[in-house]
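Novice: This is the structure I want to talk about, given as structure tokens.
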Amino acid sequence: LSDKLDKALHVLKGHGSITEVNVAETLKEVRRALLDADVNFKIAKDFTTKVKEKALGQNVLTTLQPGQLMVKIVKDELTELMGGDAEGINLSGNPSVILMSGLQGSGKTTFSGKLANYLKNKKTKKPLLVACDVYRPAAIDQLHVVGDQIGVEVFSDRGNNDPVAISKAGIAHAKANGFNVVIIDTAGRLAVDEVMMNEISNIHRAIQPQETLFVVDSMTGQDAVNTAKAFNDVLNFDGVILTKLDGDTRGGAAISIKSVVNKPIKFIGTGEKMEAIDVFYPARMADRILGMGDVVSLVERAQEQFDEEEARKLQKKIAKNQFGFDDFLKQIQQIKKMGNMKDLMGMIPGAGKMLKDVDIDDDAFKGIEAIIHSMTPHERSNPSILNSSRKIRIGKGSGTSVQQVNQLLKQFNQMSKMMKMMQGGGGKKMMQMMKG
Ligand code: GDP
Ligand code: MG
């Protein structure tokens with residue numbers, strides 16, 4: 001989608017003059033781009049008509065920077081189409097019960113974990129996960145793995161194959177044990193069918209959740225709309241979770257679903273890791289669709305993961321020339337915590353395209369980590385003592401070569417130098433610059 005829109009908006013973004021023909025042509029391209037992204041025909045047509053009216057109303061052609069104004073109008077309209085301001089989830093109950101619905105493979109179990117982790121990090125919330133996918137033993141195991149990973153208790157009952165009974169028992173368990181949020185993970189099927197719909201609506205009726213969420217794979221395009229409609233007809237759900245937005249982003253699903261069921265999109269999933277969850281901001285999504293990159297999200301996520309205390313300690317160390325490999329290792333772990341490298345890079349304007357053929361992943365750090373792990377604690381905090389016999393030992397221990405060890409040392413020294421230069425608020429300044 002963004003490639004096409006890029007092209008369409010290119011003319012308008014340029015300095016060249018703009019004519020009514022230009023506007024019409026651009027809108028045609030915008031519409032084609034929307035259709036390509038599986039946006040419903042009528043929605044796409046209404047959209048361009050609205051944009052055109054606005055453009056004419058604001059006399060785009062006579063302004064100094066018609067291109068910019070036009071981009072703004074397209075962006076604003078797109079934002080409104082996806083739902084205006086971001087909406088949170090209802091956590092007023094005690095416990096607040098959140099029911100997950102959606103097809104098999106849409107990402108319900110993964111998102112249940114992400115949401116539990118997200119709420120747990122808010123300190124005032126103590127979530128409980130409840131396993132109601134009773135058809136495959138592996139599904140219960142999967143939720144337990146997720147729960148262990150994030151340190152959240154999972155309620156399950158392997159002998160029981162009645163999801164209504166399990167969900168009720170789960171809520172009772174939460175009440176008795178001081179959990180204030182209950183997240184109920186359910187079974188989906190590969191396509192919409194009566195058995196699944198009956199089951200989810202039975203659970204829904206029995207437990208009356210504060211929040212019913214419909215989870216949908218953003219890669220499924222126009223099908224996502226039909227599925228959303230089917231679930232909404234039965235559940236009248238409260239919000240949509242759009243998963244797998246880390247892949248070849250199809251913003252189309254966001255636009256169509258919102259238009260067809262008129263329910264807010266609340267969160268997006270941007271990767272397989274538990275941290276890959278973001279609040280859905282229509283304006284940012286519009287930016288992303290328009291190829292401007294979601295810089296705000298990126299900066300926010302980076303800040304969230306960056307421990308202030310840690311930062312202060314680090315700055316002191318740098319100032320005193322005590323920055324060592326242990327600190328370096330911590331930084332790598334920090335970066336990894338932020339999510340898949342490619343996800344992150346994809347949010348930087350322009351980088352997404354560049355990275356299409358490049359494979360950057362966490363493995364890039366594996367060699368580095370192995371080398372550092374093969375150093376003694378004394379060596380880690382005093383890198384200057386690394387002579388050639390130590391380097392040979394480290395190379396052997398980490399399964400790398402002396403050259404690789406040297407390479408890392410070189411990078412480390414460069415980085416230390418750079419950080420020394422940046423200290424004294426330089427880092428903060430950079431963040432501010434990124435924020436614009
Ligand atoms: P469920 O059947 O609805 O419970 O779906 P799962 O949670 O088991 O997810 C199905 C697959 O999609 C798993 O392999 C997940 O790791 C993957 N997945 C879930 N959410 C995301 C996401 O946001 N991005 C990516 N890339 N993969 C995801
Ligand atoms: Mg599941």
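Novice: Per the Kirkwood formula on distinct C-alpha pairs, the Rh of region 96-290 is how many angstrom?
Specialist: 16.6
Novice: Going by how many other beta carbons lie within 10 Å of each one, how would you line up E87, E53, fewest first?
Specialist: Exposure proxy ranking, most exposed first: E53, E87.
Novice: For S416, S256, which order do you get if you count the other beta carbons within 10 Å of each Cβ and list the fewest first?
Specialist: Result, fewest neighbours first: S416, S256.
Novice: Order of R158, R380 from fewest to most other C-beta atoms within 10 Å?
Specialist: Fewest-to-most ranking of R158, R380: R158, R380.
Novice: So what's the net charge close to Q142: Lys and Arg +1, Asp and Glu -1, counting the other residues with Cβ under 10 Å from its Cβ?
Specialist: My count for the surroundings of Q142 gives -2.
Novice: In the neighborhood of S374, defined by Cβ-to-Cβ distances under 15 Å, what is the net charge if each Lys or Arg adds +1 and each Asp or Glu adds -1?
Specialist: Surrounding charge for S374 is +3.
Readers should treat all values here as calculations from the given coordinates under stated rules, not as data from a laboratory. Keep in mind that what you see is a predicted model, and the values were worked out from it rather than measured. Glycine gets a Cβ as well: all are built from the backbone with ideal geometry, and neighbour counts include every protein chain shown.
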